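The values are calculated or read from the model by the stated rules, or taken from the named source; none is laboratory data. Everything numeric in this text was worked out from a predicted model, so none of it was measured. No Cβ is skipped: glycine too gets one built from the backbone with ideal geometry, and neighbour counts run over all protein chains shown.
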Amino acid sequence: MSPVQSLSKLFEPAEDQLLTSWLFLKLLALIYFAAFFSLVFQIEGLAGPHGILPYGERLEAEFSRIDALAWWRNPTLFWFNAGDAALQGAAIAGCLISGMLLFGRRPLLPLILLFILYLSLTHAGQMFLNFQWDTLLLESGFVAILIARGPNHLAIFLFHWLLFRLRFLSGISKLLSQDPSWSNLTALNTYFETQPLPHAGAWYAHQLPEWMLQGATGMVLFAEIIVPFFIFLPRRFRLFAAAITILIQLLIITTSNHNWINLLTILLCLFLLDDRIVAKLIPARLIPQNLTARREQQSLSQNLFGAAAAIVIMVASLSWMFEMITGRQTVQPLREVAMGVRSYGLGNVYHVFPTMQVERQELLIEGSYDGVEWQSYEFRYKPEALHERPELIVPYQPRLDWMIWFVPSQRSDQLYWLDRFLQRLEENSPQVSALLANNPFADKPPRYIRVLAFRYHFTNAEQRAETGNWWSREFVGEFPYVPPRRP
């Protein structure tokens, strides 16, 4: 087959992926809904005018610094209005359009709108939405636009390439970090206890014998470093890759609150299957009878757009992969292009838990009117009360509870947003208080605020039987006058 014939084959319909693509889009609608729904109740407190990091202020500063170039580097609808109503309205609109994608028959327009809205909210959320599941959803949603009128082989390859990057780079980053907990297979000895938001399943996993945890760590490395290459091999290898990847994701869900990233990873594995298998997984009454008839002929402009998108994604992702693996920068013009592409949520690299924390440091925030009697602000989901059962909240993503897990590292960016958060508590901002489970100073803000650091540990089975507590803790000191958590 000549190179021209091979290239033209990429634009031919993927006839064995019609049902798979249809199912992917329907389930992607549910993922989108979960992402937007969680922001409906949080985005004002995170990025509104009275939130922790007001996005309007950020946009004004960017425009003052680089003028019209700021529009390119911050692609967002909120240039026109970054008020509470606009931010929350975008999240609500995302929920509604997700419903259109789920129940509608023409997915192209909903997919475009969902990508634009989530891209806008991702930029608005700044560091609160600067996570790998956010970029994974953006890139998945963008590539999904290419299959809205029927899948072709190029779009399926881009899904394979996305899943490969997610899995392989997550694995190789663990080795590149030179973290001894991965090299000596002890990462899971502490992971369940020290992860950002564990649920009760993590407590049970933490009680497993060390040999089992070490074996599971080895399985994770195998699944992330070796198995991803099976994605590009013949069918039986792809099926094996799908089975191993799905198994790992299900095990993570049983022990961790990682919002929708594991569900989306499972969803991407659909493209390692084909219609013969997918048809056996869903009830026949749910399968549209005219999928082939619904497939629209791809026009030349659509093929050109798909080709351009593929080139941009490949160039950007290979550039970032080169930098990540070699530790060297690419040439500056290429790096500028890759940075521009990244601002649109495309071509990212992934590195899930490249280093493992060996201790859990929790911050408790207290306020007082007189500096003598102190009352605690209560978060919704992060560990605080020792007797409270850690909740399973998948696929919900509580951004504030998640972010405060990073603060004990005492990095400057973490200390900055914490200071802004404490300032809003002193002002009794209702938008920020709504992010908490309880504000003991709802009527009148406190005169003093302090942050206490505690070291938390899971209890063992004997301790829990005796006390009923899921956690034990020891006082470390007043933050930030305590040793930073490392790593």
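Looking only at residues in the range 251-270 that are of a type in the set (V, I, T) and buried (at least 20 other Cβ atoms within 10 Å of the Cβ), which one is nearest to F192 (Cα to Cα)?
As a first pass, look at the range 251-270 and keep what is of a type in the set (V, I, T): 252-255, 261, 265-266.
Filter once more, so that each one left must be buried (at least 20 other Cβ atoms within 10 Å of the Cβ): 255, 261, 265.
Working: T255: 7, I261: 17, T265: 20 Å.
Per the criteria, the residue is T255.
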_Flag if L392 is among the aliphatic types (A, V, I, L, M), at pLDDT 90 or above, not assigned by TED's automatic domain parsing to the domain that holds S140 and not in a loop (DSSP other than H, G, I, E, B)_ = no
Considering residues that are touching a residue at least 24 places away in the same chain (Cβ under 8 Å), of a type in the set (S, T, N, Q) and assigned to a loop (DSSP other than H, G, I, E, B), the number found within the range 423-458 is 2
The number of residues in the range 128-153 that are at pLDDT below 95, assigned to a helix (DSSP H, G or I) and touching a Leu at 6+ places or on another chain (Cβ under 7 Å) is 1
Query raised in the report: Has the range 88-101 got any residue that is closer than 22 Å to L59 by Cα, of a type outside the set (A, V, I, L, M, F, W, C) and surrounded by fewer than 21 Cβ atoms within 10 Å (Cβ to Cβ)?
Result: yes
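For the range 410-421, how many residues are out of contact with any helix residue (DSSP H, G or I) (no Cβ under 8 Å at 6 or more places or on another chain) and either surrounded by fewer than 16 Cβ atoms within 10 Å (Cβ to Cβ) or within 14 Å of F128 (Cα to Cα) (or both)? So that I can check it myself, show each step before the final result.
Residues of the range 410-421 that are out of contact with any helix residue (DSSP H, G or I) (no Cβ under 8 Å at 6 or more places or on another chain), as a first pass: 410-412, 416, 419-420.
From what's left, either surrounded by fewer than 16 Cβ atoms within 10 Å (Cβ to Cβ) or within 14 Å of F128 (Cα to Cα) (or both): 411-412, 416, 419-420.
Going through the range 410-421 one residue at a time, the tally reaches 5.
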By residue number, the members of the range 328-341 that are touching a helix residue (DSSP H, G or I) at 6+ places or on another chain (Cβ under 8 Å) and either part of a loop (DSSP other than H, G, I, E, B) or within 15 Å of S173 (Cα to Cα) (or both) are R328, Q329, T330
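Using the structure shown, decide if Q375 is farther than 30 Å from M314 by Cα, free of Cβ contacts under 8 Å to residues at least 24 places away in the same chain and of a type in the set (S, T, N, Q). Let's see the steps before the verdict.
Details: farther than 30 Å from M314 by Cα: yes; free of Cβ contacts under 8 Å to residues at least 24 places away in the same chain: no; of a type in the set (S, T, N, Q): yes.
So Q375 fails the test.
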Those residues of the range 200-234 which are in contact with a helix residue (DSSP H, G or I) (Cβ under 7 Å, 6 or more places away or on another chain) and not in a helix (DSSP H, G or I) amount to Q207
In the set F305, F322, the lone residue that is modelled with pLDDT under 95 and surrounded by fewer than 16 Cβ atoms within 10 Å (Cβ to Cβ) is F305
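For every residue, the table says whether it meets (1) outside the structural domain of Q126 (by TED's automatic domain parsing); (2) under 14 Å from A124 (Cα atoms); (3) not hydroxyl-bearing (S, T, Y).
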position: L19; (1), (2), (3): no, no, yes
position: L23; (1), (2), (3): no, no, yes
position: I31; (1), (2), (3): no, no, yes
position: A34; (1), (2), (3): no, no, yes
position: V40; (1), (2), (3): no, yes, yes
position: G45; (1), (2), (3): no, yes, yes
position: G48; (1), (2), (3): no, yes, yes
position: E57; (1), (2), (3): no, yes, yes
position: S64; (1), (2), (3): no, no, no
Contact list, first residue from the range 166-183 and closer than 18 Å to G215 by Cβ, second anywhere and acidic (D, E) and surrounded by fewer than 19 Cβ atoms within 10 Å (Cβ to Cβ), beta-carbon distance below 8 Å, six or more apart or interchain, is none
Picked from the range 175-195 (must be of a type in the set (S, T, Y) and under 24 Å from the mean Cα position of the chain (by Cα)), the residue surrounded by the most Cβ atoms within 10 Å (Cβ to Cβ) is Y191
Of the conditions (1) over 30 Å from E426 (Cα atoms); (2) in contact (Cβ under 8 Å) with a residue 40 or more places away in the chain, the single one that L69 does not satisfy is (2)
Do we find a residue being touching a Leu at 6+ places or on another chain (Cβ under 8 Å) and among the aromatic types (F, W, Y) anywhere in the range 352-373?
-> no
Pairing a residue in the range 198-213 that is under 25 Å from I404 (Cβ atoms) with any residue that is part of a helix (DSSP H, G or I), where Cβ atoms lie under 6 Å and the two sit 6 or more apart in sequence or on different chains, gives A202/F192; A205/F192; H206/F192; H206/E193
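Take E466 and decide whether it is of a type in the set (D, E, K, R), over 20 Å from I52 (Cβ atoms), surrounded by fewer than 16 Cβ atoms within 10 Å (Cβ to Cβ) and in contact with a Lys or Arg (Cβ under 7 Å, 6 or more places away or on another chain).
no
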